[in-house]
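Only the coordinates and a few stated rules stand behind these numbers; no lab work does. Not measured: the values here are computed from a predicted model. We place every Cβ from the backbone using ideal geometry, glycine too, and count neighbours over all the protein chains shown.
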Amino acid sequence: MQEEITKPRETLLDAEEMALNMGPQHPSTHGVLRVLLKLDGETVIDLDCDIGFLHRGVEKIAEQDTYAMITPYWDRLDYVAAVSGDLCYVEGVEKLLQVEVPRRAEYLRVILTELQRIASHLLWLGTHAIDIGAVTVLLYCFREREEILKIFEDFIGARLTAHAFRIGGLWWDVYPEFETRVRDFLKIIPDRITEYETLLNTNRIWLSRTVGIGVLPAEEAINLSLTGPVLRGSGVNYDVRKAQPYSAYADFDFEVPLGENGDTYDRYLIRMEEMRQSVRIIEQALDGLPEGPVMAKVPKVIKPPVGEIYHSIEAPKGELGVYLVSDGTGKPYRMRIRPPAYINLQSLKRMAIGHLVADVVAIIGTIDIVLGEVDR
Amino acid sequence: MPEILALLIAPDWVRSLTGERPPNVFWAEYIVWPLIQIVIVLFVVLTVVAYLVYFERKISAFIQARLGPMRVGPWGILQPAADGLKLLLKEDIIPIKADKLVFSIAPIISVVSTLVVLAVIPWGAAWATIANVNIGLLFVLAVSSVSVLGLVLAGWSSNSKYSLLGALRSSAQMVSYEVGMGLSIIGALIFARTLSLSGIVEAQRADGLPYFLFQPLGFLIYLISALGETNRAPFDLPEAESELVAGYHTEYSGFRWALFFMAEYTAMLVTSAVAVTVFLGGWYFPGLDWIKSNWGPNIYVLLSVAAFAGKIAVLIYAYMWFRWTWPRYRYDQLMELGWKWLIPAGLANVVLTGVWYVLALPEAQGGVFGFVKQTAGRYVPTGYGKIYFILTGFIITIPLSWALLATINRRSRDFNLHDQRQLQIKLRSERIKRNEPVAE
Amino acid sequence: MADDNKELPADKPIAENESDKKEEAKPDATLAERTEAKPEGETAKPAPPKAAPTGHKPAPPAKKGPVVTVEITDDPLINKIKEKFGDAVTEAVATFGQQIVRVKKNSYLDLCRFLQTDEDALFDLCADLTAIHWPERKEEEFDVVVQLYSTQKNRRLRIKVALADGDACPSLTALWSGTDWMEREAYDMFGIKFEGHKDLRRILLPEDWPGHPLRKEYPVEYRDNEWTDKHLQYREIDYDTSLIDVKYAERR
């Protein structure tokens, strides 16, 4: 009996397999991901990801550009969390240059990055819900995300690819109303998160679509190099903000929510809780925002010493890392981006096999990929 | 306006047109007046369908904190006209590898089969119904299930895998939900003792109460099955845009696509109309008889039509509300709901209703309580009988069926979400410990 | 890496030489701290809440010098590795407080297996795997760089292995299945073959793309090639066709 169950499906049912080409033009592959599915009925028996449709060769371009010129490319990697990308790169270069960033700049960076994390998670929630069929959540999420984008727009001038940071700090200090506007936003967002949770948390359909879907045990998740909420959903306590604090994160009191079962529902709960924790961090950062300059003394021509550095931050999607090798000139000899979405996407195959086509969509959503970052 | 005026004097006006006098009224009653009715119903229904799309967009917009169509006409009320024009003028694309003949007739099958049902719907009292067929309900169920043929053919002939998957899903789904739908109606038929739709309304008028009070479980099953039958969310799997792009109509464009859209909304209208007829008292509302005797028969007919439309509107609003609130079921969960929950519940409902009814019969007919008495050739519940049926329906049938279903499905995965709830409770209790707001 | 061992010229201008060394405040600052600070299983201790972080200053104002790449001598794990692998470990240095171990190709897989399973190391998460091209370094043109992280010990380690062009590198997929796509990318971008990788295909670029872009000899403006000719049937740049044709012909 046991053997019969563990037999591959296609030998049990003498049916033809169907190859289904999902993407690159498909509403719920979050961009230009192409997934080749091998189906038995609607059950996935094998899949292969075809990526690279958005490959722009950022790592190659970086070898031709000066250190300051590279920063905007980082906005366009994970374009829904541009600020986080910036933070990773500028901190990496600052480490290489051994520049001390002013405290005020560090705090503002934390505020902006955490706002970006909320914005990114809101977008994730909306698209994930729309994948599962709850369309309305997306519009609610965009309503709140809009507020964050307005704050960004007034500070940076851009809404999506917000080029927020410069090597050495911030280009400008924030505008006078910045603090009140962020505080206004912080006032509304916890209630709104509660509102989304009322729509979804105990919704029977939502539960049956997410509970037990795409389960990854902790060991497997670590072995797959997963990071971010996907790893923490399996109960592994690894958050770069806590484990190896960068910027000013050591100053703040927050918690890292952990899941137990490692399924789609746990990852959903974790991201919801992470938004609340981000609110806590921003509040503390605003309360303790120091006065002072926002830009360190950085040479006009940035020429880091010969050496190499690996720096990673906790981006909304996971550990975003930069590996910079400097040969002493004004251009990096090699810049490697460690893209969390790219590496997390590997787990799609592990998670989706045995589930139905509809679950593939839900699992792509729960990994939270952005193809700009996957393809670079 | 001429249609309205015609209505006010019909059918006497039609008789004067044909020059016939009762009882010899063949042309007036069977040819001319039905033709007029058909024209009116088609015109009204198709306009309403176009506006249902508009209302759907508006309602979804209001649910989602936006405005919806605002540009074409005041508040966008001319949007349906603009949409229709656009769809008519759009290029009609037939994929090269599609089966052209089947591809062309599939949307027609779909839309015609839903429109045919309109013929037997009792739109209002007396002369407002086109055809009072004595097996009306069977006719509705039979013809409306033909529309799935259109979807299957569309999916198959498109020669696209997404279309094919959508067609497969829709055929399996419609077949499954048809059964639940049929079973849910039987309970009401025990009370009505007729299959004629007008007869069911008349029965509710005679009993004085709409049947959803006697048949709460049946009504619930019907509503859920009707959602599944019409492919509306949360059962919109055949066209689940996040999985199958657009399901069976992925390859359709222009007016053929519009026909599918029309079929979907007409089907929504039809299933709501049947629900209203069978469970909500049809065109009847308390006080209608008084209006008839005091305000005249024409006002009475028009008001009955208005009541029918109002009840349908409520149901359709509920459909839209569901769609924009809930996530979508997965295919296997949909089947599970249909076969493991709705069909057993429907069977249990039939059996239990039968038992209650038999018990309520007069002692002469083998009953116990005698809550049903025979008046004017049919059984009508007495005052106690009404209370008895309502109480048995709500207090005994629903919990008993629930217990039965819970026993059947106790090992189902979707039923056992308890462990997952625990995690959520844990997170929540941690939040309470930290004095943070807890979700409702 | 050869360049790492070069002492930086003393007159190299480095900004903020006099300021406090921020690195000291971080857990990955000094090696001794890194290995001892975190007890097992407690990777994410909540940071001590600070009432008024406004006046926060790291306690020891340390003098910061130029980049120092130092030989690691006092780290128990590194010493253990050196002991176990002997000559195979050609270099064990720390730069910017980050530990690097360079290993010979033959012992690379063994070292990684040791690092994954040894109870002092337990590097269970392979954060990154990439390569660097050093065309001027004959016979070992490529460095494969692996960033390891231990979720239990909360420490990082960088492994490097040098390869000649055309050499196959042992694959790590058997140890960390997450390296699958990273190795595919390194193969795609550098043409490094990974021995033991079950599914070594190009990942970001098309299957039949000519060349490996992150090699130093691959030009940035390399627009038209066999692939674009075959699949796109048009030239992106028309205005300078003579030059491009010459270059294109040369490359072919």
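Quick notes on this structure:
- Other residues whose C-beta falls under 9 angstrom from the C-beta of A:Leu324 contribute a net charge of +2, scoring Lys and Arg +1 and Asp and Glu -1.
- The alpha carbon centroids of the stretch C:108-164 and the stretch A:272-351 are separated by 21 Å.
- Fluctuation leader among B:Pro74, B:Pro210, B:Pro381 - chain B, Gaussian network, Cα springs under 10 angstrom: B:Pro74
- Three-way shape call for the stretch B:344-411 based on the alpha-carbon gyration tensor, with the a/c threshold at 1.5: prolate
- At 0.890 mPa s and 25 °C, Stokes diffusion of the stretch A:58-200 via Kirkwood alpha-carbon radius, µm² per second: 152 µm²/s
- Per-selection Kirkwood Rh - the stretch B:137-184 (Cα, Å, 1 d.p.): 11.2 Å
- Taking each residue as 0.36 nm, the span from B:Ile291 to B:Leu89 lengthens on full extension beyond its C-alpha to C-alpha distance by 67.9 nm.
- Sequence of A:Asp239, A:Asp251 once ranked by neighbouring C-beta atoms within 10 Å, starting from the fewest: A:Asp251, A:Asp239
- Per residue of B:134-140, other chain Cβ atoms within 10 Å of the residue Cβ number 0 on average.
- Shape summary of the stretch A:244-331, radius of gyration then Dmax from alpha carbon positions: 18.0, 51 Å.
- Extent along principal axes [Cα atoms of chain B; Å; largest to smallest]: 75, 64, 45
- Value of [θ]222 nm, deg cm²/dmol, for chain B, DSSP H segments ≥ 4, -39500 (n - 2.57) each, nearest 500: -20500 deg cm²/dmol
- Peptides A:325-333, C:182-190 ordered by packing proxy, namely the average of other Cβ atoms within 10 Å per residue, highest first: C:182-190, A:325-333.
- Estimated inter-spin distance, C:Trp227 and B:Val39, nm [label 7 Å along Cα→Cβ]: 6.7 nm
- Mean shadow area of the stretch B:102-245 over all directions, Cα convex hull, nm²: 9.1 nm²
- The percentage of C-alpha pairs in the stretch A:294-362 whose separation is greater than 20 Å is 55%.
- Residues B:Ile105 and B:Val380, FRET efficiency given R0 of 45 Å [Cβ-Cβ distance, rounded to 0.05]: 0.40
- Cα-only Debye scattering, the stretch B:297-405: base-10 log of I(q)/I(0) at q = 0.10, 0.11, 0.21, 0.22 Å⁻¹: -0.54, -0.64, -1.06, -1.08
- Bins of 10 Å, starting at 0 and running to the largest distance - Cα pair percent for the stretch B:226-278: 25, 48, 22, 5
- Two-site label geometry, B:Leu391 and C:Glu119: point separation in nm, points 7 Å out along Cα→Cβ: 7.3 nm
- Fluctuation leader among B:Ala61, B:Ala263, B:Ala246 - chain B, Gaussian network, Cα springs under 10 angstrom: B:Ala61
- Two-site FRET efficiency, A:Arg159 against B:Arg71, from Cβ-Cβ distance with R₀ of 22 Å, rounded to 0.05: 0.35
- Counts of other chain beta carbons within 10 angstrom of each beta carbon in peptide C:90-96 average 2.
- Rg in Å to one decimal, and Dmax rounded to a whole Å, for the stretch B:188-323 via C-alpha atoms: 17.8, 57
- Within chain A, the selection of entire DSSP H helices by a Cα span of 24 Å or greater along the long axis and an average Kyte-Doolittle value of at least -1.0 returns A:103-132, A:136-156, A:178-200, A:264-287.
- Counting only other chain Cβ atoms within 10 Å of each residue's Cβ, the peptide A:222-229 averages 6.
- 222 nm mean residue ellipticity, helices alone, for chain A (DSSP H n ≥ 4; -39,500 (n - 2.57); rounded to 500): -15000 deg cm²/dmol
- Share of pairwise Cα separations in chain A, more than 26 Å, in percent: 52 percent
- For the stretch A:196-250 versus the stretch B:61-77, the inter-centroid distance based on Cα atoms is 38 Å.
- Percent RCO, i.e. relative contact order, over chain A, from Cα pairs under 8 Å lying at least 6 residues apart: 26 percent
- Rounded Å value of the spacing that divides the Cα centres of the stretch B:231-310 and the stretch A:83-146: 46 Å
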